[in-house]
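The values are calculated or read from the model by the stated rules, or taken from the named source; none is laboratory data. What you see is a predicted model; the values in this text were computed from it and never measured. Cβ coordinates were reconstructed from backbone atoms using ideal geometry, including for glycine residues, and neighbour counts include every protein chain displayed.
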Amino acid sequence: MTTSTSNPILTPIVGLHHVTAIASDPQRNLDFYTEVLGLRFVKRTVNFDDPGTYHFYFGDDAGSPGTIITFFPWPSARRGRAGAGETTHTAYSVPAGSLDYWEKRLADNGILAERTGKRFDEEVLTLADPDGMKLELVAHVNAPDIKPARYADVPREYALRGFFGVTMLHTALAPTEKALNVLGFQKVAEEGNRVRFSSPDGTTLGNHIDVVVDPGANYGSSGAGSVHHIAFRASDDAAQAAWREEIAKHLSVTPVQDRDYFHSIYFREPGGVLFELATDNPGFDIDEPIETLGEALLVPQWLEASRSLIEARLLPITLSQSSTSQK
Ligand code: ZN
């Protein structure tokens, strides 16, 4: 199989761009990711494919690629069941030595978290968000210094840095390994039934893609608390176009879709996880100033005419005063 590293035209994929998951109650989702985890609410918009549903984006101060977790909150969504063919864990990078802080902060907020020991070289704290989505905080000596959410009360030295990576559960390794190889991700480590892939040209954000292999695992079912897809980074539209051609040699891939804040192509890896390749451009300050990101509902131009209908279908939400410019 041809891998990306053998093709000099391809600009390397350096890690994850975002992770998108399903939630239920929008207010509870918003409160957890801003007030408890201290992320910035970088965009309050709607699902472009289902405009009666919110689409929330949380990230670092600017919503930098590699820090963005997004949710479709469906108020009546039933819980998903974690299983094979899914992304089961989404991991954030936190500075080494900060897990005690997080353990206490989560406990103070009534969130159960468990020190799940050392994985490869790093200590891991595992928790579930209010919809049961499994998150991990990985204490990382090389956690990059980022600009944390400007209105959050988490001290800078403990702030979530963005993604460490994700874990997928599969009944077999080979088909998913081939898809990761196409994207330039190579096997770098193995521990028990966990195999880690990284891009040799990757950044420190979102460049740990783990596959846990369990041939007897049941398949999961999608619902609240499930990851819907994971998105990798393309540096720009030209890089994405070149990757689209390369990916199309191996997998069925969609045309480019304009998501306003990035441009996307989608393809499903053979193990069942939906992958996206999203451009770094244009970013989240394209339609509102950086100071007030997330404070107003923004919809794409083609939906502006239906704004009042859309607003009537959405549950009202309130961004806590401590997470906004409105002091
Ligand atoms: Zn996406």
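Overview of results
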| read-out | value |
| --- | --- |
| Filter pass, Ala242 being at pLDDT 95 or above, assigned to a helix (DSSP H, G or I), of a type outside the set (S, T, N, Q) and surrounded by 14 or more Cβ atoms within 10 Å (Cβ to Cβ) | yes |
| Of residues in region 176-217 being touching a Lys or Arg at 6+ places or on another chain (Cβ under 9 Å) and without any contact (Cβ under 8 Å) to a residue 12 or more places away in the chain, the one farthest from Ser235 (Cα to Cα) | Glu190 |
| Asn109, sole failed condition from (1) under 26 Å from Thr20 (Cβ atoms); (2) in contact with a strand residue (DSSP E or B) (Cβ under 8 Å, 6 or more places away or on another chain) | (2) |
| Filter result for the condition that a residue is among the polar types (S, T, N, Q), at pLDDT below 95, farther than 27 Å from Ala82 by Cβ and over 21 Å from the mean Cα position of the chain (by Cα), over Ser320, Ser308 | Ser320 |
| Filter result (away from the ligand (no atom under 15 Å from the Cβ) and within 21 Å of Gly66 (Cβ to Cβ)) within region 7-28 | Leu10, Thr11, Pro12, Val14 |
| All positions within region 52-91 that are in a strand (DSSP E or B) and of a type in the set (Ser, Thr, Tyr) | Thr53, Tyr54, Tyr57, Thr70, Thr87, Thr88, Thr90 |
| Answer residue from region 212-238, given it is of a type outside the set (Asp, Glu) and within 18 Å of Ile13 (Cα to Cα) and is farthest from the ligand (Cβ to nearest atom) among those | Ala238 |
| Any hit, region 109-118, residues being within 28 Å of Thr176 (Cα to Cα), without any contact (Cβ under 8 Å) to a residue 60 or more places away in the chain and among the β-branched types (Val, Ile, Thr) | yes |
| Cβ pairs under 9 Å, 6+ apart, first in region 43-72 and free of Cβ contacts under 8 Å to residues at least 24 places away in the same chain and within 18 Å of Ile230 (Cβ to Cβ), second assigned to a strand (DSSP E or B) and β-branched (Val, Ile, Thr) | His55/Thr20; His55/Thr45; His55/Val46; His55/Thr70 |
| Region 263-285, subset of a type in the set (Gly, Ala, Ser) and more than 13 Å from the ligand (Cβ to nearest atom), residue farthest from the chain's Cα centre (by Cα) | Gly271 |
| Strands (runs of 3 or more DSSP E) wholly inside region 92-171 containing at least 3 residues that are out of contact with any Lys or Arg (no Cβ under 9 Å at 6 or more places or on another chain) | 113-119, 134-140, 163-170 |
| Filter result for the condition that a residue is more than 16 Å from the ligand (Cβ to nearest atom), surrounded by fewer than 19 Cβ atoms within 10 Å (Cβ to Cβ), among the hydroxyl-bearing types (Ser, Thr, Tyr) and over 30 Å from Ser308 (Cα atoms), over Tyr92, Tyr101 | Tyr101 |
| Whichever residue in region 127-153 is at pLDDT below 95 and among the hydrophobic types (A, V, I, L, M, F, W, C) and, among such residues, is surrounded by the most Cβ atoms within 10 Å (Cβ to Cβ) | Ala149 |
| Region 261-302, residues that are within 19 Å of Val42 (Cβ to Cβ), assigned to a helix (DSSP H, G or I) and not acidic (Asp, Glu) | Phe284, Ile286, Ile290, Thr292 |
| Any chance Thr171 is in contact with a His (Cβ under 8 Å, 6 or more places away or on another chain) and either at negative phi or not aliphatic (A, V, I, L, M) (or both) | no |
| Extreme residue, nearest to Ser76 (Cα to Cα), among residues of region 208-240 that are of a type outside the set (S, T, N, Q) and over 22 Å from the mean Cα position of the chain (by Cα) | Ala217 |
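For every residue, the table says whether it meets (1) touching a residue at least 60 places away in the same chain (Cβ under 8 Å); (2) touching a helix residue (DSSP H, G or I) at 6+ places or on another chain (Cβ under 6 Å).
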residue	(1), (2)
Gly225	yes, no
Ala231	yes, no
Glu245	no, no
His250	yes, yes
Arg259	yes, no
Ile286	no, no
Pro289	no, no
